[in-house]
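Student: One structure coming up, written as structure tokens, with questions to follow.
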Amino acid sequence: MVENLALSSTNVGPDSGSALERFVADVSKEFQTDISSIILYGSGARTDFREGKSDLNILVVFTGLDMAQMSRLIPLHDKYLRNRIVPLALTKK
């Protein structure tokens, strides 16, 4: 399970930050020990993030990922796309 989400050091606004926290909680709950890390990158991790305009680029690093797991990730992707959360899934392998 992913812990220690620290948004205070980002430039993400309160609405996007709340959506990001929900996304991390949902992905962590769904995949539990299959996740190695979740990384915020792009404007959300820099100072040029604009609430309501910028996407939140999220890298989800899995310990391994098969087609069954990918099919479980798709609904989460669709659910959070309206919040401009754009996850990218990779594996450590």
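The values are calculated or read from the model by the stated rules, or taken from the named source; none is laboratory data. The structure presented is a predicted model; accordingly, all values stated were derived computationally and were not measured. Positions of Cβ are generated from backbone atoms using ideal geometry, with glycine treated the same way; all protein chains shown enter the neighbour counts.
Student: From the set of residues in region 53-83 that are among the small types (Gly, Ala, Ser) and free of Cβ contacts under 8 Å to residues at least 12 places away in the same chain, which is surrounded by the most Cβ atoms within 10 Å (Cβ to Cβ)?
Tutor: As a first pass, look at region 53-83 and keep what is among the small types (Gly, Ala, Ser): 54, 64, 68, 71.
Those left that are additionally free of Cβ contacts under 8 Å to residues at least 12 places away in the same chain: 68, 71.
On the way: 68: 7, 71: 9.
In this case the residue turns out to be 71.
Student: Hey, another quick one. Would you tally the residues in region 61-82 being of a type in the set (S, T, N, Q) and touching an Asp or Glu at 6+ places or on another chain (Cβ under 8 Å)?
Tutor: Keep residues of region 61-82 that are of a type in the set (S, T, N, Q), which gives 63, 69, 71.
Now restrict to residues that are touching an Asp or Glu at 6+ places or on another chain (Cβ under 8 Å): 63, 69.
Result for region 61-82: 2.
Student: Before we move on, is residue 16 of a type in the set (Ser, Thr, Tyr), over 20 Å from residue 90 (Cβ atoms) and either touching a strand residue (DSSP E or B) at 6+ places or on another chain (Cβ under 8 Å) or assigned to a strand (DSSP E or B) (or both)?
Tutor: Spelling it out, residue 16 is indeed of a type in the set (Ser, Thr, Tyr), over 20 Å from residue 90 (Cβ atoms) and either touching a strand residue (DSSP E or B) at 6+ places or on another chain (Cβ under 8 Å) or assigned to a strand (DSSP E or B) (or both).
Student: Can you confirm whether region 53-76 contains a residue that is closer than 11 Å to residue 12 by Cα, in contact with a strand residue (DSSP E or B) (Cβ under 6 Å, 6 or more places away or on another chain) and at pLDDT below 90?
Tutor: Checked against the condition, which is being closer than 11 Å to residue 12 by Cα, in contact with a strand residue (DSSP E or B) (Cβ under 6 Å, 6 or more places away or on another chain) and at pLDDT below 90, region 53-76 yields no hits at all.
Student: Here is a further query. Answer with yes or no whether residue 14 is modelled with pLDDT of 90 or more and of a type outside the set (Lys, Arg). So that I can check it myself, show each step before the final result.
Tutor: Details: modelled with pLDDT of 90 or more: no; of a type outside the set (Lys, Arg): yes.
Taking the combined requirement at face value, the residue does not satisfy it.
Student: For region 40-89, what are the residues that are over 16 Å from residue 26 (Cβ atoms) and among the polar types (S, T, N, Q)?
Tutor: Listed by number, the residues that qualify are 43, 47, 54, 57, 63.
Student: How many residues does region 23-48 contain that are under 18 Å from residue 72 (Cα atoms) and surrounded by fewer than 14 Cβ atoms within 10 Å (Cβ to Cβ)?
Tutor: The total comes to 5.
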